[in-house]
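K.L.:
Sharing a structure, written as structure tokens. Questions coming.
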Amino acid sequence: MSRKGQIIGFMPLLAIFVLIILSFALYSFLVKSPDKDIGIIGDVQGSLIKDDTLLDTNLFYSEKKAELMIEKSLADLYAYHGFSDSACVVWNFNSLCEPDFEKSFVELFKKNSGFTDVKIENKILIIKFKEEVKKEINNVKYTYWKDVEIKKDVDFSKEKEIASKVKACSDNDFEKCLAGTGVSIGKDSSGSITFSMENNKKQLFFENTALEFSVDSSTTAII
Amino acid sequence: MNKKGQYEAIIDVASMILIVLFLIGFSIIFIVVHPKSEVSIKTSADENQCSVLLLNFLKMNVDGKQVADLIILENYDVLGDSLKRLPEACGDDYGLKLINADGSSKSINANPFSIEKSEAKLPGKNGDIKVVLTSGMRDIGGLK
């Protein structure tokens, strides 16, 4: 081939070509993805194990929170004279102010703890919720979850027994009706009859408080 | 050789020298600046180990009470001794930092030179408590 009319010779062209190739290689390896050549072994598996521990830690937190809030809700229930809020003060049977300990306790527990799926069955408080972690690592997407059910003993049989005895009590003879139940009966400054029952629940985090209540005696002994 | 031939020869030699220089230069960059030829093996084992240790510690019973309950009840006296029962998997000389919801904190056997190994959350009477497991370096600064 004649070299006539050739602007640049072979060697300068080769030099430019080599420069372009090396620049591209430099860009690819150093600038564009400097970490892509690091081999990561067991990253997804390690992450799953880490999330498993995280869920266990969260579950332990939830259990402790449930225990703490059971006690707080009991203390609140007793402070509200057996109701879930301050709307009712006096036990007034066959009305909205008739005490329902389990229902009021569940309402207070939901409010205090933030758990939503809560119920009492056979003296056991059952709390259900889902712990979940969603992640994406090295183009692997995963959702890891545990369906959790926490069960704790809550026994309102003593309170229920007292309420039923008070409700069925005739002639307002509460001393006789509540004999042997451990309920103290007294009178307040206005002359109304007051009742006080010692807290029989095991409490660790909150101090024991007595259940104090008064009764609208016109609503008792009505069948 | 005419003048044009001489000129072309100079250009060719200069180009060859340039190519050699490019190759040497880029080789140095790849060998010296970019030494990531080895495979780096990454695992989360160490981090997990400390999290498991902290969780087991919180579940541990001391004098008939769970450590987590002792923290919630702010009964700190026995906590310091119970830290000695932790295996030395995340270091030695364990300590705890307890940070309350209001920002106030309590350190048990921890010093400013300790390394934070793992953390967990516990409910408290006045909000959540952050529990941080710390470890090691008590010899620094003559604090021991």
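Every number here is computed from the coordinates shown, using simple stated rules; none is lab data. In this text, all values refer to a predicted model and were calculated from it rather than measured experimentally. Cβ coordinates were reconstructed from backbone atoms using ideal geometry, including for glycine residues, and neighbour counts include every protein chain displayed.
K.L.:
Viscosity 0.890 mPa s, temperature 25 °C: Stokes-Einstein D of the protein assembly as shown from its Kirkwood Cα radius, in µm² per second?
P.N.:
It diffuses with D of about 89 µm²/s by this estimate.
K.L.:
Name the residues whose placed amide hydrogens come within less than 5 Å of the amide hydrogen of A:C169, ignoring near sequence neighbours (fewer than 5 apart) on the same chain.
P.N.:
Under 5 Å from the amide H of A:C169: A:A221.
K.L.:
Could I ask something else about it? Testing the spin-label approximation: label points 7 Å from Cα along Cα→Cβ at B:A89 and A:D100. State their distance in nm.
P.N.:
That separation, rounded to one decimal, is 4.8 nm.
K.L.:
With viscosity set to 1.002 mPa s and temperature to 20 °C, compute the Stokes-Einstein D of the range A:78-223, Rh being the Kirkwood radius across alpha carbon pairs; µm²/s, no decimals.
P.N.:
120 µm²/s
K.L.:
Taking the DSSP beta bridges in the range A:70-223 as the whole, what percent of them are antiparallel, to the nearest 5?
P.N.:
Expressed as a percentage, antiparallel bridges in the range A:70-223 total about 95.
K.L.:
Ok, one more. Relative contact order of chain A: what whole-number percent is it, with Cα pairs under 8 angstrom and at least 6 residues apart? Numbers along the way, then the final one.
P.N.:
On the way: 252 pairs, mean separation 41.6, N = 223.
Computed over chain A, the figure is 19 percent.
K.L.:
Alpha carbon centre of the range A:144-223 versus the range A:88-131: separation in Å?
P.N.:
15 Å
K.L.:
Tally the DSSP beta bridges in the protein assembly as shown and give the antiparallel ones as a percent, rounded to 5.
P.N.:
So the antiparallel bridges amount to about 95 percent of the total.
K.L.:
Under the rule of -39500 (n - 2.57) per DSSP H run of 4 or more residues, summed and divided by the residues of chain A, what mean residue ellipticity at 222 nm is obtained, to the nearest 500 deg cm²/dmol?
P.N.:
Per the formula, -12500 deg cm²/dmol.
K.L.:
Could you state the angle between the C-alpha long axis of helix A:10-26 and the longest principal axis of the C-alpha atoms of chain A, as a value from 0 to 90 degrees rounded to the nearest 10?
P.N.:
Tilt of helix A:10-26: around 10 degrees.
K.L.:
When chain A is treated as a GNM, springs tying every alpha-carbon pair under 10 Å, which of A:D147, A:D51, A:D76 comes out with the largest mean-square fluctuation?
P.N.:
In this elastic network of chain A, the residue with the biggest mean-square fluctuation among A:D147, A:D51, A:D76 is A:D147.
K.L.:
Another one. Taking amide H positions as placed in the peptide plane 1.01 Å from N, state which residues far from B:K121 in sequence (5 or more) or on other chains have amide H under 5 Å from it.
P.N.:
B:V131
K.L.:
Further, regarding this structure: Distance cut-off 28 Å, Cα to Cα: go down the list A:K64/A:K201; A:K103/B:K106; A:K151/B:K65; A:K65/A:K165; A:K134/B:K125; A:K135/B:K125 and report the pairs above it.
P.N.:
Check vs 28 Å cut-off fails for A:K103/B:K106; A:K65/A:K165; A:K134/B:K125; A:K135/B:K125.
K.L.:
Once the other residues with Cβ under 12 Å from the Cβ of A:K202 are scored (Lys, Arg +1; Asp, Glu -1), what is the net sum?
P.N.:
-2
K.L.:
In addition: Across the range B:18-24, in residue order, what do the Karplus-derived ³J(HN,Hα) couplings come to in whole Hz, using 6.51 cos²θ - 1.76 cosθ + 1.60 with θ = phi - 60° and x for Gly and Pro?
P.N.:
4, 4, 4, 5, 4, 4, 5
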